[in-house]
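Enquirer: Next up is a structure, given as structure tokens.
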């Protein structure tokens, strides 16, 4: 990493932040548009189903006891399965589902996790240091996650139950029982920025139980760059109105604690299982979408700062002659600072053959 700081922002003083004529809101004419979806397949070679479908929420008699999480679990599955090009599966899926789609009209491509971290920075909340890779291709800024590890080992002694809860209370689509994660890419506006946001969706929730539609999709192997010649997809993509986030809690938690994740993922449903030592005795299902408006009104200052920070990150890469940069969040004793450095590591968001997409 180069020693010189290209740009620096403090959460209390985001340059250029002023009066915005229109509020930042989830409801616009372009919100949200599903660009693509895919399910990672549990196989030695990186493969995924296109289009994807989240496991279906199922009613389970209570109380229900599940074992603690154990074994290796994903922190960032896209990084773990496609470390060189973390957005490659997204482009492969688009080539199958939405071959006419062009990123010429997209300003920012980013993971929901990164938006949550940046919003927390803009809100002045205390959080751990983080790093983001900034890559500019044509006019589109790709923001990549950078975690210390893409997987971790869950130990039963830690008594975490999130993954076991998901396994016990959901059912994978017929034909894709070995799926390990459902990912969706949504297009929507953040202020005047046209964003493509990738997020993982835990479950498909339907108020009226329906027959299992299964997953009648194309199984794609990572690295196949000639997907346009593959047989057409036959499956139907899961509607965004059915997307649900699953959480576990030992005591009641307010919906507000989960709103950034729900809002950035445009996820309308929140399902929380309350438990004692892995015995789930209560399930709360909340239609969170009607709460989006109230939350974003309270968060307008932070959301507008976020838009300004995204613009500043893009300008920093342009200032560096459009070469790769790294954004580092460092909490100092007196302030919280986001610094952008030029990167000495050659990195691309996708293979050269796909840059014309």
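The values are calculated or read from the model by the stated rules, or taken from the named source; none is laboratory data. This one's a predicted model, so the numbers in the text were calculated from it and none came from an experiment. Here the Cβ is made from the backbone with ideal geometry for all residues, glycine too, and neighbour counts use every protein chain on show.
Residue-by-condition table, conditions (1) over 21 Å from the mean Cα position of the chain (by Cα); (2) within 26 Å of residue 190 (Cα to Cα); (3) at pLDDT below 95:
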residue	(1), (2), (3)
260	no, yes, no
280	yes, no, no
305	no, yes, no
320	yes, yes, yes
330	yes, yes, yes
341	yes, yes, yes
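Enquirer: If you don't mind, there's one more thing I want to ask. Looking at segment 188-201, can you tell me whether even one residue there is out of contact with any helix residue (DSSP H, G or I) (no Cβ under 9 Å at 6 or more places or on another chain), farther than 15 Å from residue 39 by Cα, at pLDDT 65 or above and surrounded by 13 or more Cβ atoms within 10 Å (Cβ to Cβ)?
Expert: Yes, that holds for at least one residue.
Enquirer: Follow-up. Return the residues of segment 26-59 that are in a loop (DSSP other than H, G, I, E, B), at pLDDT 85 or above and farther than 16 Å from residue 93 by Cβ; say none if nothing qualifies.
Expert: 32, 42, 55, 58, 59, listed by residue number.
Enquirer: Taking segment 161-178 on its own, how many of its residues are in a loop (DSSP other than H, G, I, E, B) and modelled with pLDDT of 95 or more?
Expert: 1
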